[in-house]
Amino acid sequence: MPNALITGITGQDGAYLTQLLLKKNYRVIGTVRSASDHEHNTLTALKLQDQVQLIEADFMDMRSLARAVELAAPDEIYHLAAQTSVAASWERPVETGEITALGTARLVQVWREVKPGARFFQAASSEMYGKVAESPQTEATPFHPQSPYGAAKLYAYWIIVGCREIHAAHASCGILFNHESPLRPSNFVTRKVTQAVARIKQGLQNELIMGNLDVQRDWGFAGDYVRAMWHIMQQGEPDDYVIATGKVHSLREFVDLAFKCVGLNYQDYVRTDPAFFRPADPVALVGNPSKLASRTGWEPRVNLEQIVALMVEADIKRVLKQEELIDYTVED
C-alpha cells in the first residue's frame, strides 16, 4: 500500500484527491494548520474524515514540516497547500510569499533531506502566465505574473524545475487552470455566483454585484484535475504539464448558466461595480492540455454546464439546510 502525503488536504483539490487515492488503496496522510481545521471541511462533506491521518504542519516552521514528512514516510507528495486567493495576495503579499513561495522552499528542503526518493507534485497555476504572450497557453508559453499570488507560484515552480534538472528528483508541476466544484471555497467568484443564485431563488437575496463579466477563463472540474495529478505522478520521467480543458468561457457565460439552472434571467439580478475589478486581470487564460493527453490519456469528463449545475444544486441544498452534498465520486 503506497503512502501519499497531501498538503492542503482540507481544500477542494485535497478532498477530491484523497477520495481518488483511497479508491486506489493508498494510505493517505494530510497536513493541517491546526487540529480544529478538519472539524467542518471538505473531507467531512465527502465523508472521508475517518479514513485519513492528519498531521499539524506550519509552512513557516521547518521543524513541523520535517515531522510531517517523517511521520508520513510518503512514496508520493502532493503539494497543494498555498494562499490561493489572487485578491487576498494583493492585500497580504508578504504572507502570500511566505506560505506559497517560501513555504514550498521549506517543504522541498525537508523532502530532499528526509525522503528524497518520494515523488513530488507541485500544484502550479495558470496565474503564472498573467499578461499572456499567446493563446492558448502551453508548457512553453513565457510567464508574466501580474499578482503576488502568480509571482509566488512562479517562485515555487522554478524550485521544482531545479530539483528535477539539477538533482534528478522525480519532481513534476501541474499548471492548473481554473477548476471548480461544489467544494470551492465561498471567497472565489464562482461560488459567490452559485451561492447568490441559490439565495435569490429562495428569496433571501435581491441582487448579485459583480466585477468584470468579460474576463475569460478555462474552467474545469476539480475531480477531473486531481485525476491528472495522479497520472502525472505515475509517469516514469517527471515533467511539467498544463492541466486544462482547452475551452474558454467568459464569466458572463458562467453567470448566465447559473441563473438558468433555477429558471431565472441573470440580467434581472446582476449589476457590475468597478470596485470589484482586479487591478490587473488576465483577459484570456486558456490552456492547451495536449501534452498531458498524449502522454497519459487523460481528458476532462465534466463540462462547464455540468459543473455549474452541480454547484448550484449543492448551494440550494445548503440554503435549504438539506444534506449538504451528494456523492460526487472521483474515479479513474
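Laboratory data are not the source of any read-out in this text; all were calculated from the coordinates shown. Small disclaimer: the values here were computed from a predicted structure and weren't measured. Reconstructed Cβ throughout: ideal geometry from the backbone, glycine too, with neighbour counts over all protein chains shown.
Running a GNM on the chain with Cα contacts under 10 Å, which residue among Ala228, Ala314, Ala140 ends up with the highest mean-square fluctuation?
Ala140
Please figure out what share of the DSSP beta bridges in the chain is antiparallel and state it in percent, rounded to the nearest 5.
Numbers: 2 of 37 bridges.
Taking every DSSP beta bridge with both residues in the chain, the antiparallel ones total about 5 percent.
Running a GNM on the chain with Cα contacts under 10 Å, which residue among Ala222, Ala123, Ala152 ends up with the highest mean-square fluctuation?
Ala123
Considering only Gly236, Gly150, Gly11, give the residue with the highest GNM mean-square fluctuation for the chain, with springs between Cα atoms whenever their separation is below 10 Å.
Gly236
Work out the FRET efficiency for Asp61 and Phe188 from their Cβ-Cβ distance, taking R0 = 35 Å, and round it to the nearest 0.05.
Numbers: r = 27 Å, r/R0 = 0.78.
Result of the calculation: an efficiency of 0.80.
Along the Cα→Cβ direction, 7 angstrom out, place labels at Lys24 and Gln306. What is the inter-label distance in nm?
Output for this residue pair reads 2.0 nm.
Can you count the Lys pairs in the chain whose Cα atoms are under 19 Å apart, with each pair 8 or more apart or on different chains?
The number of close lysine pairs in the chain is 15.
To the nearest 500 deg cm²/dmol, what mean residue ellipticity at 222 nm is calculated for the chain from DSSP H runs of n ≥ 4 alone, each contributing -39,500 (n - 2.57), summed and divided by the residues? Before the final figure, lay out the partial values.
Details: 12 runs with 127 residues, N = 332.
It lands at -11500 deg cm²/dmol.
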